[in-house]
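Below: one structure, written as structure tokens.
Every read-out reported here was derived from the displayed coordinates using simple, explicitly stated rules and does not represent laboratory data. No experiment lies behind these values; they were computed from the predicted model shown. All Cβ positions, even for glycine, are placed from backbone atoms using ideal geometry, and neighbour counts span all protein chains on display.
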Amino acid sequence: MPEKPISAGKPPFYEATANECDLFQTAWDKRLPLLLKGPTGCGKTRFVAHMAARLGVPLYTVSCHDDLTASDLTGRYLLKGGETVWVDGPLTRAVRHGGICYLDEVVEARKDVTVVLHPLTDDRRLLPLERTGELLEAPDNFMLVVSYNPGYQNLLKQLKPSTRQRFLAVEFAFPEPAREAEVIVRETGIDPDGAMLLVRIATNIRRLKGIDLEEVVSTRLLVYCATLLMAGVDFDDALNAAVIEPLSDDADVKAGLREAVAILR
Ligand code: ADP
């Protein structure tokens, strides 16, 4: 079902890692769509929420999945009180009333979604609604932002060049250690030394990427870990629940992760 927009308010905390805020602002000014690439949990969603609030526009976030079709984005006829009424989807609402539409993990969506995105992402900025016969022209205060995680080794789930070349693209990585520690402190209230220890643990684990792990520990998981610590959970239990278990199901890999962590303790 269409998700409710998050209204603009005080921008949520976002620690910039490079010039991404300026680039977003320019893309907004010039009415260009933006593609955010990067691993899960590195701050892409937070970045979009932060920028939407700074720009003072509603944000429509859609987490894409493999059953998501174009009509989940554009809208559909629904039965209401015995009548059939058209209900706009989140993309249509953002185009009709202005706002940012953020399609998280866009490669997961069904292929018909790209058909809807193409006319919106060139200079026509049009959204054709076949079912209602409307052709909506996106207003100046509409922006499309999509994200995807190039780390997933799934060839079937790559963005086609004809789609990706319609977007400005920014690559996201985990913040450098001092910034990542700052994020953890700001998000959880943990002391800076505690945050830095978690970042050092993450750095060790991130070196294992590709050897044993498909995905490494994200900033999100470090925030979870610090949250557990701040709630009084024992250090090993917190690491286990927030870092080791979410990364792997394989007993040998988990033992390897514990070793990588133990060196630092
Ligand atoms: P993604 O969309 O890349 O999967 P999120 O934006 O949901 O990741 O980030 C997950 C969590 O990590 C956020 O809720 C926030 O607590 C924290 N986080 C990660 N990077 C940042 C950052 N640069 N600034 C502020 N918080 C961040």
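Provide F174, F13 in ascending order of the number of other Cβ atoms located within 10 Å of each residue's Cβ, fewest first.
Arranged by neighbour count, lowest to highest, F174, F13 become F13, F174.
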Ranked from fewest to most other Cβ atoms within 10 Å of their own Cβ, T114, T69 fall in the order T69, T114
For the chain, one quarter of the surface area of the C-alpha convex hull, expressed in nm², comes to 16.3
Only Lys, Arg (+1) and Asp, Glu (-1) charged, at Cβ; the chain dipole about Cα centre in debye = 780
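Loop only by DSSP, 10 or fewer other Cβ within 10 Å of the Cβ. Give me the trypsin sites (Lys or Arg not before Pro) in segment 10-94 that pass, ordered by residue number.
Of the trypsin sites (Lys or Arg not before Pro), the ones in loops of segment 10-94 whose Cβ has at most 10 other Cβ atoms within 10 Å are K30.
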Distance check, please: which entries in K10/K157; K80/K160; K10/K80; K44/K254; K44/K80 exceed 31 angstrom between their Cα atoms?
-> K10/K157; K80/K160; K10/K80; K44/K80
Integer Hz, Karplus 6.51/-1.76/1.60 couplings in order for segment 159-165, x for Gly and Pro | 6, 5, x, 5, 8, 5, 7
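Relative to the compact globular guide of 2.2 N^0.38 Å, what is the alpha carbon radius of gyration of segment 150-265, as a ratio?
Ratio of Rg to 2.2 N^0.38 Å for segment 150-265: 1.20.
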Theoretical ellipticity at 222 nm over the chain - DSSP helices of four or more residues, -39500 (n - 2.57) apiece, nearest 500 = -11500 deg cm²/dmol
Excluding L23 itself, calculate the net charge of residues whose Cβ lies under 15 Å from the Cβ of L23, where each Lys or Arg counts +1 and each Asp or Glu counts -1.
-> +1
Around L144, with a cut-off of 12 angstrom between Cβ atoms, what is the net charge of the other residues, counting Lys and Arg +1 and Asp and Glu -1?
-> +2
